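Each remark here refers to the structure printed beneath this line.
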Amino acid sequence: MPQSDASSTTPELKLELEPLVTRGHPIHTRTLTVELRRGEGAALLVEGKIIDMRKCGWVPTAGELQAAGFIHDMALEAVVNADTRVLERFVPTQRVVAFEANEVTEGDSCRDPIDRLRALEGERLDEGFTRTLRAHFGGPLGCSHLLTLGQLMASTLPAVLEHESAIQESGRPARQPGERIFSRALFLDGFESEDEVMELAVQLTDVHSAPSGEVEGWIDRFDSQREVRVLAHVETEGMTFRRLDALERARNRESLTTAPWLRRSNDLAGLVGHSALQGLGPELLRRFGGSPAERPFLDALLNLAPGLIQCLAARANRMIEKFIAAPGTEKPRIPKSAGVGGFPDSCYLWRADGPLSKARQERVRMAYDEEGEPPLE
């Protein structure tokens, strides 16, 4: 794990990460979790969850108002063969979705494409699995939120399986069926401030549990932990990074109280001024995708863009208020380039030729008079 010299961090880039200090009005929280338990025989039981909680605002879409509250609550359950790394079972569930079937969606629902995930049963969890997942479920073929969760599960499991293999080969007690092996929790919180800056705070925690057969004291169940903290300031005008910093720490039972936080300021300095949305994923993979040891750090950073999109949705009503309040405006008009809703082809419901995209295009067209006045600045 690379170490960065905290003393070289310039004052304007230094953010408070230990303790983690944020500012502004809280607008959104995204939670992703991955848990691995021992099953019968060679089976490993994997459960991933994704939850989006909008803390303010509302979004007019599909003939309804998406108000504050739980926006997404979805899960993926999998059974993986520990010996072959083959995905033997892959079951998605969606308790809360953004779009239920109605007249505006012409009967479409976020739940329609999830059977495509079940088609991945029999695939091997190797380096090519994430590409296969995108090919089956990416963009207009599936749900962007379940895709994000699936990608996190796919990137999490290989290192966990290697760690577990090392434990078993060392002669430590065998796992019992139902015993938890590992848990990952990733939280992204979004905040809005008065100076047209959005603040994103990411916290990732990986915890490996020691085999229950060697537990004698209350701390013995702890095997090791990896933590990542990322704090980013994003300019709302242009959606670029104004500031970006991170800390990382790895510790085990012996170093529980002595392991230091390592600052990653230098590693992230080149991303200041980069788009927080467009092209961020490929750039992060280029910078940090070459080493398996960097995977937790990379996973935390890769969730900045999809988390930011959720935070932007919480601000949609403010954008609408801005245009309604514009001088000389008799009816609300949103710029043709903006619209309200997902990006074209970002998921099945927002596919470019789907009912929602067509309805949005029609609303934008109707917002302008017959003379074709340009959109408001």
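Things to note:
- Filtered residue count, region 61-81, keeping only those that are of a type outside the set (S, T, N, Q), in a strand (DSSP E or B) and over 15 Å from ILE50 (Cβ atoms): 7
- Residue check, LEU301 in a helix (DSSP H, G or I), modelled with pLDDT of 95 or more, crowded, with 17+ Cβ neighbours inside 10 Å and of a type outside the set (Phe, Trp, Tyr): yes
- Selection count, region 261-305, where residues are free of Cβ contacts under 8 Å to residues at least 24 places away in the same chain and among the aromatic types (Phe, Trp, Tyr): 1
- Taken as a whole, region 337-347 holds no residue that is surrounded by fewer than 19 Cβ atoms within 10 Å (Cβ to Cβ), touching a Leu at 6+ places or on another chain (Cβ under 7 Å), at pLDDT below 70 and not aromatic (Phe, Trp, Tyr).
- Pick from region 229-241, criterion surrounded by fewer than 19 Cβ atoms within 10 Å (Cβ to Cβ) and in a strand (DSSP E or B), ranking: modelled with the highest pLDDT: THR240
- Test for GLU194: is it more than 22 Å from the chain's Cα centre (by Cα), closer than 30 Å to ILE27 by Cα and at pLDDT below 95: yes
- Residue check for ALA359: buried (at least 16 other Cβ atoms within 10 Å of the Cβ), at pLDDT below 85 and more than 26 Å from the chain's Cα centre (by Cα): yes
- Top-ranked residue in region 197-217 [being of a type in the set (A, V, I, L, M) and part of a loop (DSSP other than H, G, I, E, B); ranked as modelled with the highest pLDDT]: ALA210
- Filter pass, VAL96 being surrounded by fewer than 18 Cβ atoms within 10 Å (Cβ to Cβ), among the hydrophobic types (A, V, I, L, M, F, W, C) and within 23 Å of PRO344 (Cα to Cα): yes
- Number of the condition not met by GLU294 [criteria: (1) modelled with pLDDT of 95 or more; (2) loosely packed, with under 15 Cβ neighbours inside 10 Å]: (2)
- Pairing each residue of region 4-28 that is within 18 Å of ARG249 (Cβ to Cβ) and in a helix (DSSP H, G or I) with any residue that is of a type in the set (Lys, Arg) and at pLDDT 85 or above, provided the two are 6+ apart or on different chains, yields C-beta distances under 7 Å for ALA6/ARG263.
This table checks each residue for (1) among the charged types (D, E, K, R); (2) out of contact with any Pro (no Cβ under 7 Å at 6 or more places or on another chain); (3) without any contact (Cβ under 8 Å) to a residue 40 or more places away in the chain; (4) buried (at least 21 other Cβ atoms within 10 Å of the Cβ).
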{"site": "ARG124", "(1), (2), (3), (4)": "yes, yes, no, no"}
{"site": "GLU127", "(1), (2), (3), (4)": "yes, yes, yes, no"}
{"site": "THR130", "(1), (2), (3), (4)": "no, yes, yes, no"}
{"site": "CYS143", "(1), (2), (3), (4)": "no, no, no, yes"}
{"site": "ALA159", "(1), (2), (3), (4)": "no, no, no, no"}
{"site": "ARG175", "(1), (2), (3), (4)": "yes, no, no, yes"}
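- Residue count for region 252-287 under the criterion of being in contact with a strand residue (DSSP E or B) (Cβ under 8 Å, 6 or more places away or on another chain) and among the charged types (D, E, K, R): the result is 4.
- Flag for LEU152 being in contact (Cβ under 8 Å) with a residue 60 or more places away in the chain and touching a Phe, Trp or Tyr at 6+ places or on another chain (Cβ under 7 Å): no
- Filtered by the rule that a residue be surrounded by fewer than 21 Cβ atoms within 10 Å (Cβ to Cβ) and closer than 23 Å to GLU16 by Cβ, region 202-225 gives GLN203, THR205, GLN225.
- Taking region 287-305 as the range and being within 23 Å of ARG30 (Cβ to Cβ) and out of contact with any Asp or Glu (no Cβ under 8 Å at 6 or more places or on another chain) as the test, the residues that pass are GLY289, GLU294, ARG295, LEU298, ASP299, ALA300, LEU301, LEU302, ASN303, LEU304, ALA305.
- Scanning region 64-84 for residues that are touching an Asp or Glu at 6+ places or on another chain (Cβ under 8 Å) and among the aliphatic types (A, V, I, L, M) turns up ILE71, ALA75, LEU76, ALA78, VAL79, VAL80, ALA82.
- Total residues in region 48-85, condition closer than 20 Å to GLU123 by Cα and surrounded by fewer than 16 Cβ atoms within 10 Å (Cβ to Cβ): 3
The values are calculated or read from the model by the stated rules, or taken from the named source; none is laboratory data. Computed from a prediction, not measured in an experiment: that's the story for all the values here. Please note: Cβ atoms are built from the backbone with ideal geometry, for glycine as well, and neighbour counts cover all protein chains shown.
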